[in-house]
Each structure stands twice: as C-alpha cells, then as structure tokens.
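Taking it in order: structure first as structure tokens, then the write-up.
The values are calculated or read from the model by the stated rules, or taken from the named source; none is laboratory data. The structure presented is a predicted model; accordingly, all values stated were derived computationally and were not measured. Cβ atoms come from the backbone with ideal geometry, glycine included; neighbour counts cover every protein chain shown.
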Amino acid sequence: MKELSRKEREKQRRREAIIDAAEQIIGEHGFNSATMEEIAEKAELGKGTLYLHFKSKVSIYLAICERGSRLLNQEMGKVLTKDLNGLQMVEHIGQAYLNFIQLNPLYFNAFNYYESILDLDEYSNSPIVEKCEENASEAMTYIVRALQVGMQDGSIKDTIDPKELGLIIWAASKGVMHMAFMKNKVQYHKFVNDVEFSFESLVQNFIHVIGGGIEND
C-alpha cells in the first residue's frame, strides 16, 4: 500500500476529526437539528474548511454510515476466524450485530438514512455511497459464508439457498432492532408498548428463534 504524504495524512486526520465531531453533535441533537456550524465548531475548524471536506450535512452522515458499517464488519468478520460450526457462527454473527447496534444507535440511524436515499439520482455516483454499498455487501458475505459452512458441516438445514436465507435473516434482524428502538415512542404501534420486554431479552429470543428455525434436526 502506498504511503500517504504528510498533506494527505493531515487531510485524513481532519476528515476523521469532522466525523468524530458530527457523531457527537448528531448524537446529541439528532440529524435534522444538527447544523454544519455546530459541527465545525466542535471540530475546531472554520466553516470554510469544513466545506472543503464535506459539501453538506448529508455527506457527513453518509461518512458516519460508512464508518459504522466498517466497524460492524470488523466485529462480524472476527466470528469467521473462530473454531465454531456454521450454526454457532450464525448465532455469534447475530449477537455481534445486535450488540453493536445496541451500543451504537447513531450508526443504526445512519444505516437507515443511507438506505432511504439509495434511489435518489444525486447520490447514484457518490464514492461514499459506493463504499457504504461495498461494506453492506461484505457484511452479507459473512452471513452467507457462515450459512454455507453450516450446511456443509450439517448444523444448518440445506433446504433454502444460503443467499436467500441470508437476506431473510438480515431483514428480520433489522426489523427487530427497529422495533426495539421505537418501543415507547408515541408515533409507533401501541401494541408494541403493551408488550413488556427488554432489549437484551428481545435480542436473545430473536437469536434463539432464528437458530432453532435453521438448525438441522
């Protein structure tokens, strides 16, 4: 890998400092209420310098999404290096994902925002969107690989194509996380608020249900 020049290293350092500052500001005030001025002040940069690195608040939020998805992939990727059967890999990947989201709700919100703008033409050729998509594909590769291992070692049923099964698990996990975060918010379904559950119990029961559903008898 080519070594970065001093100027390139400084540019990268400032970019990371801006993302750090944006995570704090958006985490405290929410994406809609956060301003570029607040982010620049938090990063101890002039507003003009901020705009040299990021043209808009959306571009910063996408950078947060890219960082979050990259960090999540690191946690999920570690599972594939462990001495586990396929079913255990799937369960551990699920646990890693759900734990990460619980600890980093800002990233989960950024993931959802990223998905909401994918069909907008103005972001179709964006390098940061392309990187986010690469990270999402990498995460799916980990899930599918764990399923393939399980089907090969006999711990997981082989009645469903592993790629299709991976999509099912991914979609279900996002739904569970969304419900967990929306609980007790007035704009969400009342029947959810009528059910007593903790984030931890929801996660463990979800993993148990998924594991039981794909486990080879």
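Taken as a whole, the structure places LEU62 among residues that are more than 22 Å from LEU167 (Cβ to Cβ) and surrounded by 14 or more Cβ atoms within 10 Å (Cβ to Cβ).
Kindly indicate whether any position in the range 142-157 is among the hydroxyl-bearing types (Ser, Thr, Tyr), under 24 Å from VAL79 (Cβ atoms), part of a helix (DSSP H, G or I) and modelled with pLDDT of 90 or more. Within the range 142-157, one or more residues are among the hydroxyl-bearing types (Ser, Thr, Tyr), under 24 Å from VAL79 (Cβ atoms), part of a helix (DSSP H, G or I) and modelled with pLDDT of 90 or more. Can you go through ILE26, ILE39 and tell me which one is among the β-branched types (Val, Ile, Thr), part of a helix (DSSP H, G or I) and touching a residue at least 40 places away in the same chain (Cβ under 8 Å)? Being among the β-branched types (Val, Ile, Thr), part of a helix (DSSP H, G or I) and touching a residue at least 40 places away in the same chain (Cβ under 8 Å) holds for just one of ILE26, ILE39, which is ILE26. Restricting the first member to the range 108-124 and to residues that are closer than 16 Å to ASN135 by Cα, and the second to residues that are among the β-branched types (Val, Ile, Thr), the beta-carbon pairs closer than 7 Å and six or more apart or on different chains are PHE108/ILE101; ALA110/ILE64. Name the residues in the range 141-169 that are surrounded by fewer than 16 Cβ atoms within 10 Å (Cβ to Cβ) and either farther than 21 Å from LYS82 by Cβ or under 16 Å from the mean Cα position of the chain (by Cα) (or both), would you? ASP158, THR159, ILE160, ASP161, LYS163, GLU164, LEU167, ILE168 - these are the residues of the range 141-169 that are surrounded by fewer than 16 Cβ atoms within 10 Å (Cβ to Cβ) and either farther than 21 Å from LYS82 by Cβ or under 16 Å from the mean Cα position of the chain (by Cα) (or both). Restricting attention to the range 21-65, the residues being of a type in the set (Asp, Glu) and under 18 Å from LYS131 (Cβ atoms) number 1.
Within the range 90-121, the set of residues being surrounded by fewer than 19 Cβ atoms within 10 Å (Cβ to Cβ) and among the charged types (D, E, K, R) comprises GLU115, ASP119, ASP121.
Candidates ILE93, ILE60: the one that is closer than 22 Å to MET179 by Cα, part of a helix (DSSP H, G or I) and either modelled with pLDDT of 90 or more or not assigned by TED's automatic domain parsing to the domain that holds HIS208 (or both) is ILE93. Residues of the range 97-128 that are in contact with a helix residue (DSSP H, G or I) (Cβ under 6 Å, 6 or more places away or on another chain) and assigned to a loop (DSSP other than H, G, I, E, B): ILE117 alone.
Among the residues making up the range 53-85, those that are more than 16 Å from MET140 (Cβ to Cβ) and over 17 Å from the mean Cα position of the chain (by Cα) are HIS53, PHE54, LYS55, SER56, LYS57, THR81, LYS82, ASP83, LEU84, ASN85.
Filtering LEU72, LEU87 for residues that are buried (at least 17 other Cβ atoms within 10 Å of the Cβ), at pLDDT 95 or above and either touching a strand residue (DSSP E or B) at 6+ places or on another chain (Cβ under 6 Å) or not assigned by TED's automatic domain parsing to the domain that holds ALA146 (or both) leaves a single hit, LEU87.
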